[in-house]
Amino acid sequence: MHRMIKTICIIVVVCLLFATSGASAAQYIYYDSGLRSPIVVVNVIDAMGVFGIAQTKWHNTNTCVQIVQGTGNDVSTIVAENLASSWYGCYTPLSREHLFFWGRAYKCKITLNTQLLANKSATFRASVLVHEFGHAFCLDDNPSSGNLSIMNYDRDRNYLSWPTTDDIAGVNYAYGE
Amino acid sequence: MKKFFMTILRSVASVGTVFLMLSLAACGQFAGEQSMYHADYPYFSSIDELTAEADLIIIGETVSANNVEKLKTSSDSDDALPYTMCEVRISQVIKGTAEVGEIITVKQFGDFKKMPDSALKELDGYIKKDSTNLMFLRVFDGVPSEPLSPYQGVVSIENGKLVSKSKYSLFGFENNESVEDAVDSIGAVIEIRSKGD
Ligand SMILES: [Zn+2]
C-alpha cells in the first residue's frame with residue numbers, strides 16, 4: 001500500500017515539475033484570440049505613418065508571420081481615430097473560430113488613438129502598432145518575466161519597438177514552428 | 001493474488017493521475033477566452049509623471065456603477081465604443097477643477113460583462129458601487145472623464161489605506177499607505193511643479 005502511495009506521489013511530482021518547467025521556460029503568455037493564420041492581410045486605412053516600420057520589425061523576426069496589405073470584407077484593418085479615450089491603441093478580435101465567441105480570430109481590427117499619439121515619436125507609435133500585431137500573433141500582455149517584451153505595459157515605447165526573443169518564442173509556439 | 005490486485009490498482013491510479021493532469025491542461029487550452037478589447041495604456045514611472053498627466057485628481061465614493069453605454073468618442077468616425085460608467089461623489093479635490101460634493105461620471109473602456117477591456121477584467125478593475133477611490137483622471141470635452149490607466153489610475157481606499165491589485169500601481173500595492181500620506185506626496189509634487197512654472 002505504501003509503495004502505491006509512493007508511486008502516486010512520484011507521478012504527481014513529475015507531472016507538476018513538467019507543468020511548471022514549461023511555464024518557466026516560456027517567458028511569453030499565449031493569447032488564444034490571436035489570428036488563426038500567421039499571414040495577416042490588412043487594410044491599412046490609417047496607421048499614423050508607421051505601418052511600414054511595424055511590418056519590417058515583424059518580418060525581421062525568425063518566425064513565419066507575414067503582414068501583407070489587401071482590401072475586402074475578410075481582411076483585418078488598421079484605423080487611426082481621434083478618440084476621447086485613455087489608450088494609445090487597441091486590438092479587437094473579429095470573427096472568432098468557434099460559434100463566433102471563442103477560439104482564434106479570422107480577422108482583427110487595430111485602432112490607434114491619434115489624440116494620445118499625435119505628439120509622440122515614430123518609434124513610440126511603432127511600439128504601439130508592433131504591440132497590437134503581437135496580440136494578432138497570439139501574444140498576451142505582461143509576460144512578467146523581467147525580460148524585455150513588446151507586450152509589457154511598462155516598456156519604454158520611445159525605445160522598444162521590436163519583438164524580442166521572448167515574443168518570437170511565443171509566436172513560434174502559437175504557430176507550431 | 002493480493003500482489004496482482006495491487007499492481008492493477010497501482011496502474012489504474014497512475015493512468016488516472018496522468019489522465020487528470022492532461023484533462024486539466026486540455027481544459028485550460030480549449031476553454032477559450034471571451035472576446036475582449038486589448039488596449040495599450042500609458043505607463044507612468046513616477047508619482048510626478050502620473051500627477052502631471054492627470055487633469056483631475058480626486059477622492060470620491062461611487063454612488064452608482066456598471067452602467068454600460070456605447071459612446072461616440074471619436075471626432076473622425078461615427079463608430080461608437082462600449083464603456084462602463086459610474087457616478088462618483090467627490091469628497092476631496094487634489095488637482096484640477098471640481099467641487100467637493102459634486103457628482104461626476106467616470107467611464108472605463110469596454111462592456112464589463114459582454115466585451116470587457118482585458119486589463120480591467122484581469123485586475124477586477126471596473127469600479128464598484130459604494131467603493132471609495134483615489135482617481136487620476138483624464139478629462140475630455142463632452143465625454144465623461146476616464147482614469148489614466150487601469151493599472152495606475154484608480155486606487156481603492158479601504159479603512160483609510162490605499163489598496164491596489166496592480167503591480168504597476170504607484171500606490172497601495174506593496175505599501176498600503178494612508179490616504180493622508182498619498183495626498184501629501186501628490187501635493188508636494190504639485191507644489192514643486194507650480195514653482196517651476
Ligand atoms: Zn496589449
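Quick notes on this structure:
- Checking each residue in region B:154-184 for being outside any loop (DSSP other than H, G, I, E, B) and among the small types (G, A, S) picks out B:S156, B:S178, B:A182.
- Filter pass, A:T77 being polar (S, T, N, Q) and not in a helix (DSSP H, G or I): yes
- Within region A:63-91, residues that are within 14 Å of chain B (Cβ to nearest Cβ) sit with their Cβ atoms under 8 Å from residues that are β-branched (V, I, T) and assigned to a loop (DSSP other than H, G, I, E, B), at 6+ positions apart or across chains, in these pairs: A:T77/A:I45; A:I78/A:I45; A:V79/A:I45; A:A80/A:I45; A:L83/B:T73; A:A84/B:T73; A:A84/B:V143; A:S85/B:T73.
- Condition check for A:S33: modelled with pLDDT of 95 or more and within 16 Å of the ligand (Cβ to nearest atom): no
Per-residue answers, yes or no, for (1) free of Cβ contacts under 8 Å to residues at least 12 places away in the same chain; (2) over 26 Å from A:Y88 (Cβ atoms); (3) not hydrophobic (A, V, I, L, M, F, W, C):
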position	(1), (2), (3)
B:V93	no, yes, no
B:T105	no, no, yes
B:A119	no, no, no
B:G125	no, no, yes
B:S131	no, yes, yes
B:S145	no, no, yes
B:P150	no, no, yes
B:S169	no, no, yes
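- Tally of residues being within 15 Å of the ligand (Cβ to nearest atom) and outside any helix (DSSP H, G or I) across region A:164-177: 1
- The residues listed here are A:S149, A:S161, A:S127, A:S144; of these, the one that is within 16 Å of the ligand (Cβ to nearest atom), modelled with pLDDT of 95 or more and within 11 Å of another protein chain (Cβ to nearest Cβ) is A:S127.
- Close contacts from region A:127-152, counting a first residue that is on the phi > 0 side of the Ramachandran plot and a second that is aliphatic (A, V, I, L, M) and more than 11 Å from the ligand (Cβ to nearest atom), with Cβ to Cβ under 8 Å and a gap of 6+ residues or different chains, come to A:C138/A:L35; A:C138/A:V171; A:C138/A:A174.
The values are calculated or read from the model by the stated rules, or taken from the named source; none is laboratory data. Note that the coordinates shown come from a computational prediction; the quantities given were computed from them, not determined experimentally. Heads up, the Cβs are rebuilt from the backbone with ideal geometry, glycines too, and the neighbour counts pull from every protein chain shown.
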